[in-house]
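Below is one structure, written out as structure tokens, with a few remarks after it.
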Protein chains: 2
Amino acid sequence: MNVEFINPFLSSLVNVLSTMANTKIIPGKPRIKKDEVARGDVSGLIGMISPQIKGSFSITFEAPLAIEVMFRMLGERPDGINSDVTDMVGEITNMVTGGAKRILADKGYDFTMATPVVVSGKDHTISHKSEGAKILMPFDSDFGKVHIEVSFDK
Amino acid sequence: MNVEFINPFLSSLVNVLSTMANTKIIPGKPRIKKDEVARGDVSGLIGMISPQIKGSFSITFEAPLAIEVMFRMLGERPDGINSDVTDMVGEITNMVTGGAKRILADKGYDFTMATPVVVSGKDHTISHKSEGAKILMPFDSDFGKVHIEVSFDK
């Protein structure tokens, strides 16, 4: 697992939140994730398969940031994580992996994505069960944090 | 989404728990899932892709059943849902979808699976974001319940 698999997701997320929700996020330093605690309240998960490699991607929002993004994208401000918010997180999961897919295709990796699944709950844990390292990328914003995780079999 | 997509997962789960953990489970009636509450404490999720259709599968164990299965498969009885249990749930996710994949291949659907992700947490919710109905299949056992959910785009 090398940096050429990390940057496409990082740049795609920055781009999606900027263009779709007019929200600026500041990337922190990517690191290897050793524990299983999700860094937030609602997570989108999706499987990714290419002929050479397969793995999984997740994106975890703190609730205040998810709600602010919801408001900026759709003009609604729900009280908490409801099914509209999980729908939005599923869409963002599709958009971020779709953007990364286009960048990775230019590098010769032709990924197909499964359909996303969205998980919520205080203190939920997420464990990617592929063979490779789990890379955790933190981002900060004025409204809270968002983290993405990617893990591929090589 | 029709019954030919449901029974392969049902029979594969019954078979995996019987052969790998000597645990008998009794299938209840499959139904359409309308809410997002996971029926348990630890869930394995995996994306499935075929040329014709894609979707996602999840399996959710109540903690006492997950721990009993762990004991029967590996001889260890952890106090709660730890990383050994999430590893086992990831393996069961692979085995159940692998068994279903073989049955579905005989019907002309050639699925590839992504790598599993395991989620835990009290009262976590799971929302499959594919286009089709979410089918919930309950199973009972002497040690607690297990539910599987499948959702495909058609």
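The values are calculated or read from the model by the stated rules, or taken from the named source; none is laboratory data. Computed from a prediction, not measured in an experiment: that's the story for all the values here. Note that each Cβ is placed from the backbone with ideal geometry, even for glycine, and that neighbours are counted across all protein chains shown. When the accessible area is computed, the model is the full protein with side chains, heavy atoms only, and any ligands, DNA or RNA have been set aside. Shrake-Rupley method; radii C 1.70, N 1.55, O 1.52, S 1.80 Å.
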Revision key, fill the gap. Inter-part gap, Cα centre of segment A:83-105 to Cα centre of segment B:1-74, in whole angstrom, is 26
Practice item. Can you quote the Å³ per residue value for the convex hull of the Cα atoms in segment B:51-91, rounded to an integer? Key: 85
Exercise for review: Compute for chains B and A the buried accessible surface, both sides summed, probe 1.4 Å, and express it in Å² to the nearest 100.
Suggested key: 2300
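Ignoring everything except DSSP H segments at least 4 long, calculate the 222 nm mean residue ellipticity for chain B; use -39,500 (n - 2.57) per segment, divide by total residues, nearest 500.
Numbers: 3 runs with 51 residues, N = 154.
Mean residue ellipticity, 222 nm, calculated: -11000 deg cm²/dmol.
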Point to revise | 3J(HN,Hα) from dihedral phi, segment A:24-30, Karplus parametrisation 6.51/-1.76/1.60, rounded to Hz, x for glycine, proline | key: 8, 10, 10, x, x, 8, x
Check your understanding: Round to a whole number: what % of the accessible area of segment A:77-154 belongs to carbon and sulfur, probe 1.4 Å?
Key -> 44
Practice item. Convert each backbone phi in segment B:134-143 into a coupling constant with the Karplus relation 6.51 cos²θ - 1.76 cosθ + 1.60 (shift: θ = phi - 60°), then list the ³J(HN,Hα) values in order as whole Hz, x for Gly and Pro. Key: 9, 9, 9, 10, x, 9, 10, 8, 5, 10
Point to revise | Teacher prompt: B:Glu4 distances to equivalent labels in other copies, 7 Å Cα→Cβ, nm | key: 4.1
Check your understanding: So which aspartates and glutamates can B:Lys107 reach, going by Cα to Cα under 14 Å and dropping same-chain residues fewer than 8 places off?
Key -> B:Glu4
Check your understanding: Per residue and in cubic angstrom, what volume does the convex hull of the Cα atoms of the protein assembly as shown have?
Key -> 121
Point to revise | Within the protein assembly as shown: Cβ-based charge dipole about Cα centre, in debye rounded to nearest 20 (Lys, Arg +1; Asp, Glu -1) | key: 500
Point to revise | Backbone HN-Hα couplings from phi across segment B:77-92 [Karplus 6.51/-1.76/1.60, Hz, Gly and Pro as x] | key: 10, x, 6, x, 7, 10, 5, 5, 5, 5, 4, 5, 5, x, 5, 5
Revision key, fill the gap. Computed about the Cα centre, the charge dipole of chain B from +1 Lys/Arg and -1 Asp/Glu charges at the Cβ has a magnitude in debye, to the nearest 20, of 520
Check your understanding: For segment B:92-147, what number results from the quotient of the Cα radius of gyration and 2.2 N^0.38 Å?
Key -> 1.37
Point to revise | Å² of accessible area per residue within the protein assembly as shown, as computed with a 1.4 Å probe and no ligands counted | key: 41
Practice item. Let me know the volume per residue of the alpha-carbon convex hull for chain B, in Å³. Key: 94
